[in-house]
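Nothing in this text is a laboratory measurement; each read-out follows from the coordinates by a stated rule. Just so it is clear, the model here is predicted, and its values are computed rather than measured. Every residue, glycine as well, gets a Cβ built from its backbone with ideal geometry; the counts of neighbours run over all protein chains shown.
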Amino acid sequence: MEKKGSSISRKDFLKKSAAVSSFFFVPRHVLGGAGYTAPSDQLNLAAIGAGGKGSSDISNASVNGRERVAALCDVQFSGSASRAVEEFPNANRYHDFREMLDQETDLDAVTISTPDHTHAQPAKMAMERGIHVYVQKPLSHNIRESRLLTEMAKENQIVTQMGNQGASNEYLGMVHNWIDSGVLGTITEVNVWTNRPVWPQGFEMPEPDESQQPDDLHWDLWLGPADYRPYTPELHPFNWRGWWDFGTGALGDVGCHLIDIPYRVLNLGHPTDAECSVGTIFTQMWTPEYHPEGAPASSFITLHFEATEKTNSPIQMTWSDGGIRPPRPEVIPADHDMGGPNSANGVIIIGENGVITTNINDSSPLMPKLYLNDGTTEFGPESEDFDEPEYGHHRKWIDACKAGYGSPEHRALTSSFDYAGPMTEAVLMGNLAIRSYMLRRENSQGQMEFYGRKKLLWDGEKMEITNLEEANQFVGRTYREGFEV
């Protein structure tokens, strides 16, 4: 990690000097005017996944150029990653994050904004090198990876943040206050829903066609831990989301935005069980489509959680996607949106005295609303105007990286892995239930029997389904050589 000819790395220098900065540094305004950041006080950043969301992630992490972006990594720089290249023309460019992490030995922090299946390996490798990490949601592709990253961040004292930026929305404080005041009384139920998927999903994987592969796309690197397949059009850069080798479906896309709200304000832990049903598509009479390699067009998930000091009762949480909404509580007027605009996405927290409803908590207006059975209502704003992009979620992580692990800035982060890891595990339990629902085998009568369509009992500490051993294959995954986690 140390540069040749140097007795102490720049990264170690920053850590040690932070404790005595008031004695060592000349005041910044004397050196370079108001807002000036001395080169010795800049973080060296890199992006792993510089296109799509990765472009804004590394831009926001640079804090308007306050920090130095030293390197960009992407499998194809001619696509949307070209925006990051234009913004940071002096950054070194790589296609393989393993090569980047080996060669860029003075990195302080990285943003990881790749498809879901390639979150865990670069995060693990970075933390092994003492590099702070920001990882897009969901934290990982599977439950085992989330647990691994959570434990590793604590063990290596890494400052972490997951990219569910709405967790830093100050209007979420309204929901916290309503819950903490006890105004809902005993809370028993939560309903969460989304209009996702908005990408192709629920049918057979498209056929490979190597003739369509862009010349500059490093396809093998994009596949990462997944089994090798020839280039398949449409998967890159976005439509991978609906295929289990690469994505985590609607839950992975927005579950960490929506489920985050009740999970956070109710202080939930591991679910105790999971059960699901999925939408069935028929293209011929009596013969349902069967494509277990991908997520279904719609699903309905039920999770149960033990009581907390915020609920005074066990909680039943339902999740529905594919545009399926829960029933409207009587207390919400017929002409009011549930959740967000057109009731497309939302959360309803149900108590004995009324309900709280919110929109999706990404970069959309949160729109918190309280409806009590006695007619009392309280509504948050329907539009938001903040000075920082994405509620300052990236900047707060950067400031915590500078302040160090365990600092007040670090403890104030809203989605460090000690929180984001368990929450992601709860989200991905829904996918474990969906994939188990599709398990089948031929019975003695020669008919296909779906043997995973039951309530799955979950031991959260052991990461184990206790009543269906075959379901535990979905707790983790198999990895292609060279991309193990």
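Rounded to the nearest whole Hz, the Karplus-based 3J(HN,Hα) values (6.51 cos²θ - 1.76 cosθ + 1.60, θ = phi - 60°) of the stretch 366-379 follow the sequence 5, 6, x, 9, 10, 10, 9, 5, 7, x, 5, 9, 8, 10, with x at glycine and proline. Mean sequence separation of contacting Cα pairs (under 8 Å, at least six apart), scaled by the length of the chain, corresponds to a relative contact order of 18 percent.
Between their Cα atoms, which of 137/396; 310/462; 137/454; 310/455 are more than 19 Å away from each other?
310/462; 137/454; 310/455
Applying 1/(1 + (r/R0)^6) with R0 = 35 Å to the Cβ-Cβ distance of residue 155 and residue 277 gives a FRET efficiency near 0.35.
When each full DSSP H helix of the chain is screened for a Cα extent of at least 15 Å along its own axis and an average Kyte-Doolittle hydropathy of at least -0.5, the helices passing are 417-437. Hey, for a label at residue 98 modelled as a point 7 Å past Cα toward Cβ, could you say which residues of the stretch 222-237 have their backbone N under 11 Å away? Flagged as within label range: 224-225.
Compared with the direct C-alpha span, the chain from residue 68 to residue 473 gains 141.6 nm at full extension, assuming 0.36 nm per residue. Taking the average, over residues, of other Cβ atoms within 10 Å as the packing measure, peptides 362-370, 116-124 rank 116-124, 362-370 from highest down.
Counted by Cβ distance under 10 Å from residue 163, the other residues give a net charge of -1, where Lys and Arg count +1 and Asp and Glu count -1. As a rough guide to protection, the peptides 471-479, 323-331 ranked by mean Cβ packing within 10 Å, highest first, stand as 471-479, 323-331.
Using Cβ contacts closer than 10 Å as the measure, can you line up 459, 108 from fewest to most?
459, 108
With the Cα gyration tensor of the chain in hand, give its eigenvalues times 5 under a square root as the equivalent ellipsoid semi-axes, listed largest first in whole angstrom.
Listed largest to smallest, the semi-axes of the chain are 37, 30, 20 Å.
How large is the Kirkwood hydrodynamic radius of the stretch 99-235, counting all unique pairs of alpha carbons, in Å? Here the Kirkwood hydrodynamic radius works out to 18.6 Å. Fully extending the segment from residue 218 to residue 336 would add 37.6 nm, taking 0.36 nm per residue of separation and subtracting the current Cα-Cα distance.
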